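So the structure is just underneath, and the comments pick up after that.
The values are calculated or read from the model by the stated rules, or taken from the named source; none is laboratory data. Keep in mind that what you see is a predicted model, and the values were worked out from it rather than measured. Using ideal geometry, Cβ is built from the backbone for each residue, glycine included, and neighbour counts are taken over all protein chains shown.
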């Protein structure tokens, strides 16, 4: 693959769903790779259009680019960009080659339910001596045992190499739901800077299939919810206190909402967490990932442990096992009596 072809496709991969002009792509390439020339970019994009790899859509006087999800070789071409990025990463961080090799070999063993594995924000995390792994998996029928086995392996690798490893496990359906949701969530930002290190063809096949089916995949920066956003979303998802007058604000997925509530440290807002979890279906893998990222797993564990005594569920019990048993976090005790009273008040234990 030519260097300029890689840079164009890499810039487009980081901006899926956005309306990018040729000038916009050139600016993105300059930002990522420190140099780009409009004429060269224009000529290469025209060539990629002729091959059917890129579509150019006219809108008035403007032209916008998109990957052609229907092109027969698109998954292989995009997989090649991932391989190039992986090679470049190892050139900059040769001391992490053994870690990556072990990650690939360990998780390929018997992991038929894993579609792909990606590194999130690889350069930034490697500089901090950490790795964040996104696992996209098929539905195996025994997700609990499969997920826990992955996390146990990750902890073993963490100890072996002296590097922090955090794992996020999503099935294909959940990934596409979050990438196409109207709600703000950090998954859209994570995929702006990722490298699919295992089975990149499978990773891109999931995205291209969704795009062919008409799903709008949108990658965008994530902004943490402000005070009005928190109150608006708490009310939207089933919790409101007397005296609150939340303004209309942006919608957020429940997982980053709860993580931000815990980060705020407000006792009044934290009381909402059990109600929100009881009334809505949260993805505990994402919630645990976000809370570990922000050093909030102990707080979350305390709330979940109290909830278990009041209203347990298979998902909640698995989350407790992961946080305390696999990650070894200690619970920050929550007020069980207060949680019980609130859950009764909000009819949140049916």
Test result for residue 324, in a helix (DSSP H, G or I) and either more than 30 Å from residue 164 (Cα to Cα) or within 19 Å of the chain's Cα centre (by Cα) (or both): no
Residue within the stretch 339-346 that is within 19 Å of residue 167 (Cβ to Cβ) and in contact with a helix residue (DSSP H, G or I) (Cβ under 9 Å, 6 or more places away or on another chain) present: no
Matching residues in the stretch 283-297 - criterion: being buried (at least 20 other Cβ atoms within 10 Å of the Cβ) and in a loop (DSSP other than H, G, I, E, B): 283, 296
Meets criteria (at pLDDT 95 or above, closer than 24 Å to residue 221 by Cα and not assigned by TED's automatic domain parsing to the domain that holds residue 155) for residue 323: no
Lone qualifier among 261, 254, 197 - being buried (at least 20 other Cβ atoms within 10 Å of the Cβ), under 30 Å from residue 122 (Cβ atoms), assigned by TED's automatic domain parsing to the domain that holds residue 137 and within 24 Å of the chain's Cα centre (by Cα): 197
Every pair of residues 6+ apart whose Cβ atoms lie under 7 Å, when the first sits in the stretch 327-350 and is under 20 Å from residue 301 (Cβ atoms) while the second is in a loop (DSSP other than H, G, I, E, B) and modelled with pLDDT of 85 or more: 338/271; 342/271
Residues satisfying the stated conditions in the stretch 242-257, i.e. without any contact (Cβ under 8 Å) to a residue 40 or more places away in the chain and either touching a helix residue (DSSP H, G or I) at 6+ places or on another chain (Cβ under 7 Å) or assigned to a helix (DSSP H, G or I) (or both): 244, 246, 247, 248, 249, 254, 257
Among residues of the stretch 1-40, those that are surrounded by fewer than 19 Cβ atoms within 10 Å (Cβ to Cβ), within 23 Å of residue 61 (Cα to Cα) and touching a residue at least 60 places away in the same chain (Cβ under 8 Å), counted: 2
Those helices (runs of 4 or more DSSP H) lying entirely in the stretch 1-111 with at least 1 residues touching a strand residue (DSSP E or B) at 6+ places or on another chain (Cβ under 8 Å) and closer than 14 Å to residue 204 by Cβ: 3-13, 74-92
